[in-house]
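Student: The structure that follows is given in the form of structure tokens.
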Amino acid sequence: MFYDDPKKHNLKHNPFKALVGPRPIAWVSSMDLDGVLNLAPYSFFNAIADQPPTIVFAPNGPRPGGGAKDTLANIEKTNEFVVNLCSYELRDEMNKSSAHVGPEVDEFELAGLTPAPSVHVKTPRVEEAPASLECRFVTRLRLPSTNPKIENNMVIGQVVGIHIADRIIDDGMIDVAAYHPLARLGYMDYAAVDSTFEMLRPD
Ligand SMILES: Cc1cc2nc3c(=O)[nH]c(=O)nc-3n(C[C@H](O)[C@H](O)[C@H](O)COP(=O)(O)O)c2cc1C
């Protein structure tokens, strides 16, 4: 089959996000100018450079009632955030933190998570997370949107510090079985990485 209009694919649901997956999940902590904490998952996320380590994620659409999502509004005020990585074991907490609640609600508390101090940014990280990337805000790009109610954005961050839980390091390498990363698929589906294999490059 072929389609070029998201409303004309004749499938039960738009398959786009099911095709571009699995996607890693940026579990972004941020803070407003009064120190109110915010935490939310973003699966339009990836690493885009490693010297310096740089990430991108996409806070799209307004929050219910209008205005930028809390994560984006906070980052534009403070110029910093933390991308916590999420494991299968933290799936319920991650899901709880995606609730559309007001900016005054601290999703660390809502999800029963512990804020732990960061080193180079004021925004705390999620203590329970297997790893956390402290980020400085580099830029926000506004992307085209075909829906007047939805604003599409790319937020780029430079990673200035990396926390790794000792339990996921084995013999100087990240032990993927211990890390057990959670990934977003399409629809309401997720995957957890349970097995890996190695393949050497041809040159
Ligand atoms: C697994 C998962 C992935 C998500 N990915 C995105 C995303 O990439 N972009 C986005 O705008 N919203 C995404 N959402 C929805 C946001 O998490 C949700 O709108 C949240 O309430 C935003 O919180 P905030 O206003 O505190 O930033 C995702 C939700 C879940 C559960």
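Student: Output the number of residues of region 97-120 satisfying the condition of being surrounded by fewer than 16 Cβ atoms within 10 Å (Cβ to Cβ) and in a helix (DSSP H, G or I).
Tutor: 2
Student: Restricting attention to region 38-58, which residues are more than 8 Å from the ligand (Cβ to nearest atom) and among the polar types (S, T, N, Q)?
Tutor: Asn46, Gln51, Thr54 - these are the residues of region 38-58 that are more than 8 Å from the ligand (Cβ to nearest atom) and among the polar types (S, T, N, Q).
Student: Could you please give the count of residues in region 76-96 that are part of a loop (DSSP other than H, G, I, E, B) and over 10 Å from Pro41 (Cβ atoms)?
Tutor: Within region 76-96, residues that are part of a loop (DSSP other than H, G, I, E, B) and over 10 Å from Pro41 (Cβ atoms) number 1.
Results for (1) touching a Pro at 6+ places or on another chain (Cβ under 6 Å); (2) more than 16 Å from Ile164 (Cβ to Cβ); (3) near the ligand (Cβ under 9 Å from one of its atoms); (4) not hydrophobic (A, V, I, L, M, F, W, C), shown as yes or no for each residue.
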| position | (1), (2), (3), (4) |
| --- | --- |
| Gly65 | no, yes, no, yes |
| Thr71 | yes, yes, yes, yes |
| Lys96 | no, yes, no, yes |
| Val101 | no, yes, yes, no |
| Glu109 | no, yes, no, yes |
| Gly112 | no, yes, no, yes |
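Student: Picking from Thr146, Thr123, Thr139, which residue would you name as being of a type in the set (Ser, Thr, Tyr), at pLDDT 95 or above, more than 12 Å from the ligand (Cβ to nearest atom) and part of a loop (DSSP other than H, G, I, E, B)?
Tutor: Unique residue meeting the criteria: Thr123.
Student: Looking at region 156-203, which of the residues that are in contact with a Gly (Cβ under 9 Å, 6 or more places away or on another chain) and either in a loop (DSSP other than H, G, I, E, B) or not basic (Lys, Arg) (or both) is surrounded by the fewest Cβ atoms within 10 Å (Cβ to Cβ)?
Tutor: Per the stated criteria, the residue is Asp189.
Student: Separate question: Here is a list: Arg63, Arg125. Which entry is touching a residue at least 60 places away in the same chain (Cβ under 8 Å) and of a type outside the set (S, T, N, Q)?
Tutor: Exactly one residue qualifies, and that residue is Arg125.
Student: Return the only residue of Gly61, Gly21, Gly35 being on the phi > 0 side of the Ramachandran plot and either within 12 Å of the ligand (Cβ to nearest atom) or surrounded by 15 or more Cβ atoms within 10 Å (Cβ to Cβ) (or both).
Tutor: Gly61
Student: Next question. Go through region 32-52 residue by residue and tally those that are more than 13 Å from the chain's Cα centre (by Cα) and either farther than 15 Å from Leu110 by Cα or of a type in the set (Gly, Ala, Ser) (or both).
Tutor: The number of residues fulfilling the criteria is 9.
The values are calculated or read from the model by the stated rules, or taken from the named source; none is laboratory data. Here the structure is a predicted model, which is why all the values come from computation and not from measurement. Cβ coordinates were reconstructed from backbone atoms using ideal geometry, including for glycine residues, and neighbour counts include every protein chain displayed.
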